Each structure stands twice: as C-alpha cells, then as structure tokens.
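Just so you know, all these numbers are worked out from the coordinates, no wet-lab data involved. As the structure is a prediction and not an experimental result, all values here were calculated from the model. All Cβ positions, even for glycine, are placed from backbone atoms using ideal geometry, and neighbour counts span all protein chains on display.
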Amino acid sequence: MNGTAPVSLTDGSRAVKLARTTVELQARRRRLPEPPSDGVFGDRRGVFVTINSAAEGEDRLRGCIGYPYPVKSLGEALVAAAAAAASEDPRFPPLSEAEAARVVIEVSVLTQPRPLAGERGPSFPSKVRVGTDGLIVSGLGTSGLLLPQVATEFRMGAKEFLSQTCVKAGLPPDSWLDGRIGVEVFQAQVFAEERPSGDVVIRG
C-alpha cells in the first residue's frame, strides 16, 4: 500500500544504513542486499538516494537517482536507487570501492506528488513553498525533478526554482508558464549521515 505516515528517525537511520551498504556492495560489484519489507519498508514510497563526496572537506554531488512516484516498496526502491546512484548516474563515472568509503549518503523519502494548482502567470511561483516543496516538471516528452533541499542549498527563490526545474527537464526556463507543461509538488523527509558511515540526522 502507499505510505503516508511520517518516517521515524529510527527507520530513517535504517534506510540510510541500507543505502550505505548497497552503495558499498555496488562499488565492489558484489551481490546487493535483500530489501526489507517490514513496517514502513513494505509501504510504497517515492525515494531518492543522494551521494555526496566528502573527500578533503568537499561537499559536492557524486550521484543522485530515485523514484519520484510510489511505484515500489520503500525497501525495494531504496536498494535500486542506491545501486543506481553509485553506478548509473549519467553525470558521473561509477563509484570505486575506495571512493565509496569517502562519501556521505542522504536518503529523501517523498510524499505523493500532486499538481501545483494556480493560474499560469506571474503569481504562479508564489504557490511554491521554498525549502518545503520539491518540484517535478513534465511535458512535451520530457521531465525534470529537483528535491526541496536544492532550493535551500543554492538559495533559490520560487521563480528561479521553477525555472531551474524546467532546465533540468531540458526545457526553456519559462516553460512553467505553458499550460501544456505539468508542474507537481511533493515534500520530503531527509535523513543523512553527518560524515561517511557516521551518525544519521534529520535534514531540513
């Protein structure tokens, strides 16, 4: 079933540790763990796994892949997304075993995306809650997604956040004004390691 209840820090920590194990096994080309199916991990949830490099004090993106919609159980989606983030993100080469020990893992558990209501015009960006809402833009054969924390990290306003999501989809920045383009919002609970293989905290 689709999950709607908040994810506890205990389960969030477990999710991050599962993603960490999966990333390390994928980097070593070993068999991936069996997805858990108990509790929240058996619920259908959207989820993204983000890998950030922590080498030499860096904090830069190293991979990010996930499922925007609740098409798999959280356990299944976590393992699949973590493995893909480590080896299939087209922006980066596959993660090596040595590098896997120096990255920080972040798991974003998503709510069900819903259409952003409002007339497409200058006031449309005011419907977006910066720092709370993530965005999905889709249409004309393409789509793009930005997680809520992206707007905060890069200090974007609502209009820029909408425009950058359009750019992520390969569309012109002002495509959110086009009624043929779907705009959806979602929220995320974000759980992240404080350091590689370190304690897990709630972000955002």
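If the cut-off is a Cα-Cα distance under 13 Å, which aspartates and glutamates reach Lys168, setting aside same-chain residues fewer than 8 apart in sequence?
Glu160
What order, most packed first, do the peptides 35-47, 110-122 have when packing is the mean number of other Cβ atoms within 10 Å of each residue?
On the way: 35-47: 19.0, 110-122: 14.1.
The packing order, highest mean first, is 35-47, 110-122.
Thr10 to Thr152: extension gain in nm, 0.36 nm per residue of separation minus the Cα-Cα distance? Show your work: numbers first, answer last.
Numbers: separation 142, 0.36 × 142 = 51.12 nm, distance 2.51 nm.
Answer, rounded to one decimal: 48.6 nm.
Rounded to the nearest 10 degrees, what's the angle between the helix 9-27 long axis and the longest principal axis of the chain, both from Cα atoms, 0 to 90?
Taking the Cα atoms of the chain, the angle to 9-27 is about 70 degrees.
Roughly what would the spin-label model give for Lys127 and Arg28, points 7 Å off Cα along C-beta, in nm?
4.9
Here are labelled values, [x] 35, 20, 15; [y] 25, 23, 17; [z] 29, 19, 15, and one is the computed semi-axes √(5λ) of the Cα gyration tensor in Å for what I pasted. Which one?
Read-out taken from this structure: [z].
To the nearest 20 debye, what is the magnitude of the charge dipole of the chain about its Cα centre, counting +1 on the Cβ of each Lys and Arg and -1 on the Cβ of each Asp and Glu? Write down the numbers at each step before the final one.
Values: 24 positive and 24 negative charges, 51 e Å.
So the dipole magnitude of the chain works out to roughly 240 debye.
Return the long-range amide H neighbours of Tyr67 (sequence gap of 5 or more, or a different chain), with a cut-off of under 5 Å between placed amide H atoms.
Val47, Phe48
In whole Hz, with x marking every Gly and Pro, tabulate ³J(HN,Hα) for the stretch 84-100 from phi via Karplus 6.51 cos²θ - 1.76 cosθ + 1.60, θ = phi - 60°.
Once θ is set to phi - 60°, the couplings for the stretch 84-100 become 5, 4, 7, 9, 10, 5, x, 7, 9, x, x, 5, 8, 4, 5, 5, 4 Hz.
Magnitude of the Cβ-charge dipole of the stretch 1-63, K/R +1 and D/E -1, about the Cα centre, nearest 20 debye? Present the calculation step by step, with values, prior to reporting the outcome.
Details: 11 positive and 8 negative charges, 61 e Å.
Roughly 300 debye for the stretch 1-63.
How large is ³J(HN,Hα), in whole Hz, for each residue of the stretch 154-159 in order, when computed from phi with the Karplus curve 6.51 cos²θ - 1.76 cosθ + 1.60 and θ = phi - 60°, using x for Gly and Pro?
Karplus-based 3J(HN,Hα) across the stretch 154-159 equals 9, 6, 8, x, 4, 5 Hz.
Which peptide among 157-165, 135-143, 13-21 comes first, and what is the full order, when sorted by highest mean count of other Cβ atoms within 10 Å?
Per-residue mean Cβ counts within 10 Å order the peptides as 13-21, 157-165, 135-143.
Please list, or write none, the aspartates and glutamates whose alpha carbon is within less than 20 Å of the alpha carbon of Lys159, excluding same-chain residues fewer than 8 places away.
Within reach: Glu119, Asp133, Asp174, Asp178, Glu184.
Roughly what would the spin-label model give for Val201 and Leu61, points 7 Å off Cα along C-beta, in nm?
About 2.3 nm, to one decimal.
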